Amino acid sequence: MKILITESQYKVLLEQSKPSVQSVYNDIVSAVSGIGTEPDKIINSISMGIADKNEFITLNKLFKDGKTGYNSFEKMINGEFGVNNYNDVKEIFDLLIKRDINVTFGSGNQTMNYYNGGFKIDPKSLVHPLDACKTKYPQLLEQAKNWWIKWLSSPITKQKFIKKNGEKDFKKYYPQFFEAIKKLKLDYYLDNSEKSVGNKTEIDDRLQTAYAFVDGYTPEYVYVNCSLNDDDALETLVHEIQHTLYNIYHYNDWTDIGNVFTKKGESYHGYTIGGGTSLEMKDVIPQINKISTQLGISPNYLKNYFKFAKDSNTDGYACEHTESMSRIMAMRKTFNIKPGQNITYEMIKPYITGEKEHGEIGWILICWALNGFEDINLLLNKMNKLVYQDTKPTDNTRLT
Ligand SMILES: [Zn+2]
């Protein structure tokens, strides 16, 4: 029997043979000790032993013990490397740039390049992503919580919740919503980082493709993936809180949401509503032409959406009911819509034409494409209704 090494197994093999950050530091200490410096030893050791930005940050911290005679990597380079070391400094520069560390240095040219000193690492490059997360997220979580509390506290929302779900459920579940929001806190993780479980260390296997997630087992946490840089972090938190509340009570059930995100006459299967599409480009062309004329946009935008939706094979996730509900709430945060106000076509138009980009809105549009591009105003009306709005598409006047 022949067993193939998969890519992920191969990565583990490479990691096992990779020198540790500590041994890279030891190499540097020995390369700069005594008379003269051994640039090749430093370059080789970094090249082999420093895999990414985080490891370089760790390496830089080790300089604090002063064993090299300098208290940072930067100072070591400036102290040990002279005019003739241009090629060495350039090699180190290239290695660091590849590892996402921003570096600059001075150079000049007289018949050949020379190093002019001033090797400098952008201090922002030396912030560990976990530390960056801890600075960025707590205030965003507070904002997201406040946004939700406002929406839930609105008389319009309350009134419509009661009308739809009854006084009994309102009394039972509404206080639980507030409780859950109050209790929410953050936990951070990195892709493939280590976590301790009891007295063992395991590789962190939490969702690597997610910006953040919540689960029903630990409802007091929002888990944030600090390896990814989320441009819409506040909306992501609004999205996650929706999942947390939905885990307590479905104030819209699957059928309600299914009716919005499913083609007429199509039933939803399990968790997936309108998953995938049997439609081909030729089937949707008439509708694309009709809709694009109506909206006054090029049909190419819609064709691209359809092509992307079909190729990317996002079946379950694109139209999944709880995800769709979370996306609507995140969109409302993006547009800063108060309870009583509607999402309108004008708001989402720049996202259809690609003038603006937004993950949450993108997914709604992908689901729209998978369902064959129904009348967008009709879709928005139905979406607005899910968050207890009236269905008049342009009624944005009832501010509270
Ligand atoms: Zn989600």
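Only the coordinates and a few stated rules stand behind these numbers; no lab work does. No experiment lies behind these values; they were computed from the predicted model shown. Note that we place each Cβ from the backbone using ideal geometry, even for glycine, and neighbour counts take in every protein chain shown.
In plain terms, the residue of 213, 335 with the fewest other Cβ atoms within 10 Å comes first and the most crowded comes last, giving 335, 213. Legend: ranking of residues 35, 162, 28, 181 from fewest to most surrounding C-beta atoms inside 10 Å; resulting order 35, 162, 181, 28.
Of all lysines in the structure, the ones whose alpha carbon falls short of 17 Å from that of residue 18, not counting any fewer than 8 places away in one chain, are 41, 53. Relative contact order for region 11-126: 21 percent, from Cα pairs under 8 Å spaced at least 6 residues apart, divided by residue count. Put simply, when 43-50, 236-243 are sorted by average Cβ atoms within 10 angstrom per residue, most first, you get 236-243, 43-50.
Across the options 242, 224, 170, the greatest Cα extent toward the positive end of the charge dipole of region 129-248 (unit charges at beta carbon of Lys, Arg, Asp, Glu) belongs to 170. For region 67-154, the tally of Lys pairs with Cα-Cα distances below 27 Å comes to 24, considering only residues 8 or more apart or on different chains.
What list do you get for 367, 226 if you sort them by fewest beta carbons within 10 Å?
On the way: 367 26, 226 22.
Listing 367, 226 from fewest to most nearby Cβ atoms yields 226, 367.
Farthest toward the positive end of the dipole of region 11-126, out of 87, 107, 63, is the Cα of 63, where the dipole comes from beta carbon charges about the Cα centre.
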